[in-house]
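First comes the structure, then the notes that go with it.
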Amino acid sequence: MSGDRGLPPLPDSRPLIVPDSAGLALAGWRCRDCAAPLALDGPWCPRCRGPLDTERFPLRGTVWASTILRVPLPGRPAPTALAYVDLDGGPRLLGHLAGPPAERLRAGTRVRGAGLSEHGDPLFEAIPEEAR
Ligand SMILES: [Zn+2]
């Protein structure tokens with residue numbers, strides 16, 4: 001490929017994380033017809049083609065899966081821990097695990113938002129047993 005031809009940069013395609021009364025929340029959508037929660041916007045619900053309404057989903061949920069990236073990415077030193085989190089009543093969201101140390105969390109671990117990384121990625125941390 002030969003450069004960007006002077007075109008403006010693409011918009012950030014990640015789900016939008018916004019301040020909320022409880023800390024941070026995902027600014028997502030929910031289908032008006034089938035109630036499916038969505039992290040990314042679209043012209044209609046991908047399940048039933050129903051109309052979408054905006055909805056805020058607090059960054060609190062359950063780890064669906066997590067892994068450790070041992071390959072450094074630009075601006076992101078290795079190792080880095082990532083997790084897919086099923087937000088309570090909301091969609092599945094990819095986030096980073098707060099650390100160091102970079103440790104995987106078992107599927108089913110309860111987590112909460114822990115801010116944003118310097119790159120704007122949502123950070124999650126395990127909720128201590130006594131706070132669940
Ligand atoms: Zn739907």
With respect to Arg5, determine if the residue is among the basic types (Lys, Arg), farther than 20 Å from Phe124 by Cα and surrounded by 12 or more Cβ atoms within 10 Å (Cβ to Cβ).
no
Per-region count, the range 76-132, residues part of a loop (DSSP other than H, G, I, E, B) and more than 16 Å from Leu24 (Cα to Cα)
16
Of the residues Arg70, Arg110, which single one is over 20 Å from Arg14 (Cα atoms) and within 15 Å of the chain's Cα centre (by Cα)?
Arg110
The strands (runs of 3 or more DSSP E) lying wholly within the range 1-73 that contain at least 1 residues that are within 16 Å of the ligand (Cβ to nearest atom) are 23-31, 52-58
If only one of Asp53, Asp121, Asp41 is under 24 Å from Pro11 (Cα atoms) and touching a residue at least 60 places away in the same chain (Cβ under 8 Å), which one is it?
Asp121
Check on Arg106, closer than 22 Å to Ile17 by Cβ and of a type outside the set (Val, Ile, Thr)
no
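Each value in this text was obtained by applying a stated rule to the coordinates, not by laboratory testing. Please read all numbers here as calculations on a predicted model, not as lab measurements. FYI the Cβ positions are ideal-geometry reconstructions off the backbone, even for glycines, and counts take in every protein chain you see.
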